[in-house]
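The values are calculated or read from the model by the stated rules, or taken from the named source; none is laboratory data. No experiment lies behind these values; they were computed from the predicted model shown. Neighbour counts are summed over all protein chains in view; Cβ atoms, including those assigned to glycine, are modelled from backbone coordinates with ideal geometry. Note: areas computed on protein heavy atoms with side chains; ligands, DNA, RNA excluded. Shrake-Rupley method; radii C 1.70, N 1.55, O 1.52, S 1.80 Å.
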Amino acid sequence: MATTYTAIAEVTLGSAAANIEFTSIPQTFTDLVLKISARNASTGGVGIRCQLRFNGAANDNNLSFRRLYGDGSSTGSDTGSTGHVAWMPDGSATANGFSNIEVYIPNYAGSTNKSFSADGVMENNATAAYMGLFADLWSDTSAITSIKIFAENGQNLVQHSSATLYGIKNS
Amino acid sequence: MSTISLKSKQKYGTLLAGNEAYLPSYESIATVIVGSGGQSSVSFTSIPTTYTHLQIRGIVRKAFSSGTTALKANFNSDTGMNYTNHQLYGNGSSAGADGNATGTYSNMPFFAIATQQSDTAYGAFVVDILDYRNSNKYKTIRSFAGYETNSVGFINLASSLWLSTSAITSITLATYASGNIDQYSKFALYGLRSA
């Protein structure tokens, strides 16, 4: 029986850090699945955007997203120019709460631009909390060999933030 | 069957000797298919703590007069005011979002199917619970679900927070509306390992 769903790596932060990064991603799978359970150290809001960058990029060049979202009382849909994939709670949200985000990256080793999708939530013991569905594009034909997960504001992810990377094979 | 190592000449009692056991990353833990007459709730108990994440996939239906209802879940038999819930939803003509603090259950997918609308349509759902045994985290649940009857339908992304750092060892699923979950509804619990 073919093994179609394989854990590649997991990172759990033993102390606060600016990001979680998976490097040297094997090129032997068809698609990637990324599960993110993270929290941000900043305060002042309820949630902060969770973002991705690939292959060691230092900026958001060639990244874009389209989203449908809810904030606990209203909905919206818009676009932007980052690798935004849902939100993670910040220090103003209920303590001990972490995001629950899944990112699907098909054809990550191929030579076409990389489309990926995400659905994610963050919780808060109040009316306000963020969730959404995301369509993202990295307009780059390079194979994805590394993925960095970080908060929009660049502040640290807290201890115990974690992410698991899975590989999907079609044969 | 025994085997002998070609390198060390050591004899083993099993063909697996000298090799690590293969543990799949995505594994079925248990499946419940509701039988004739339906049942009021579905429970997964004694959930192993050997995985990193849990996922529940299924189809569900309820003989309900009209409108929608939803699944609700309680973890480890906790029915206290220890849950928060939020959702984003659409019904084919409008979208909305809402949220509630401090409830007595985890809000799960909306799914109700009015019997008179379609006897064959079931709602489909996927529920993800990350780090379900992590004692440093409250448990954040993400549910994605929908149903379609060719006349009415509903789609919904829901989230919930169980305000507990306990490992989840049991899950009980029921519906808001009274009465049984219909026959052939199916609930499959999976475990996901990390590397």
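Rounded to the nearest Hz, the phi-derived 3J(HN,Hα) couplings of segment B:125-139 under the Karplus curve 6.51 cos²θ - 1.76 cosθ + 1.60 (θ = phi - 60°) are 8, 9, 10, 10, 10, 8, 6, 5, 10, 7, 7, 9, 10, 5, 9, where x marks glycine and proline. Proximity of backbone amide H atoms, modeled 1.01 Å from N, is registered between B:Met108 and B:Leu71, B:Lys72, B:Ala73 at under 5 Å, excluding neighbours fewer than 5 places apart on the same chain. Roughly how far apart, in whole Å, are the Cα centres of segment A:64-107 and segment B:24-64? Each part's Cα centre sits 27 Å from the other's.
With every protein chain in place and a 1.4 angstrom probe, the accessible-area ranking of B:Phe144, B:Phe187, A:Phe29, largest first, reads B:Phe144, A:Phe29, B:Phe187.
Comparing each chain alone with all protein chains together (probe 1.4 Å, DNA, RNA and ligands left out), the residues of segment A:101-129 losing at least 20 Å² of accessible area are A:Glu102, A:Asp119, A:Val121, A:Glu123, A:Asn125, A:Ala126, A:Thr127. Solvent exposure of A:Ser37, expressed as accessible area, is near 10 Å², computed with a probe of 1.4 Å over the protein chains only.
Less than 5 angstrom separates the built amide H of A:Asn125 from those of A:Thr94, all sequence-distant by 5 or more or on a different chain.
Dipole check for the protein assembly as shown: with +1 at the C-beta of Lys and Arg, -1 at the C-beta of Asp and Glu, and the Cα centre as origin, the magnitude is about 880 Debye. Rolling a 1.4 Å probe over the protein heavy atoms of segment A:6-83, with every protein chain left in place, gives an accessible area that is 43 percent carbon and sulfur. Of the residues making up segment B:86-104, those losing 50 Å² or more of accessible area when the isolated chain is joined by the remaining protein chains, with a 1.4 Å probe, are B:His86, B:Leu88, B:Ala97. Per-residue Karplus couplings for segment B:28-41, computed as 6.51 cos²θ - 1.76 cosθ + 1.60 with θ equal to phi - 60°, are listed in order as 6, 9, 6, 9, 10, 10, 5, x, 4, x, x, 8, 6, 8 Hz, Gly and Pro entered as x.
For B:Lys186, tell me the accessible area in Å² from a 1.4 Å probe, rounded to the nearest 10. Only protein atoms counted, so the area is about 90 Å². With a/c under 1.5 counting as rounded, go ahead and sort the protein assembly as shown into rounded, prolate or oblate using the C-alpha gyration tensor (a ≥ b ≥ c being the square roots of the eigenvalues; past the cut-off, prolate if a/b is larger than b/c, else oblate). Oblate shape, in that a/c is at least 1.5 and b/c is the bigger or equal ratio. Taking all protein chains together and a 1.4 Å probe, the residues B:Val126, A:Val121 rank B:Val126, A:Val121 from largest to smallest accessible area. Surface calculation, 1.4 Å probe, protein heavy atoms: A:His160 sits at approximately 50 Å² accessible. Sorted largest first by accessible area at a 1.4 angstrom probe radius, with every protein chain in place, the residues B:Ser135, A:Ser161 fall in the order B:Ser135, A:Ser161.
Each pair of Cα atoms in segment A:102-163 enters the Kirkwood radius, and Stokes-Einstein at 25 °C and 0.890 mPa s then converts it into a translational diffusion coefficient of 176 µm²/s.
Derived value for segment A:1-148: Kirkwood hydrodynamic radius 16.0 Å. Basis is the mean of 1/r over every pair of different alpha-carbon atoms.
Residues of segment A:130-164 that bury at least 40 Å² of accessible area once all protein chains are present, compared with their chain alone (1.4 Å probe, heavy atoms only, ligands and nucleic acids left out), are A:Met131, A:Leu133, A:His160.
Pairing chain B with chain A buries about 3100 Å² of accessible area. This figure sums both sides and uses a 1.4 Å probe.
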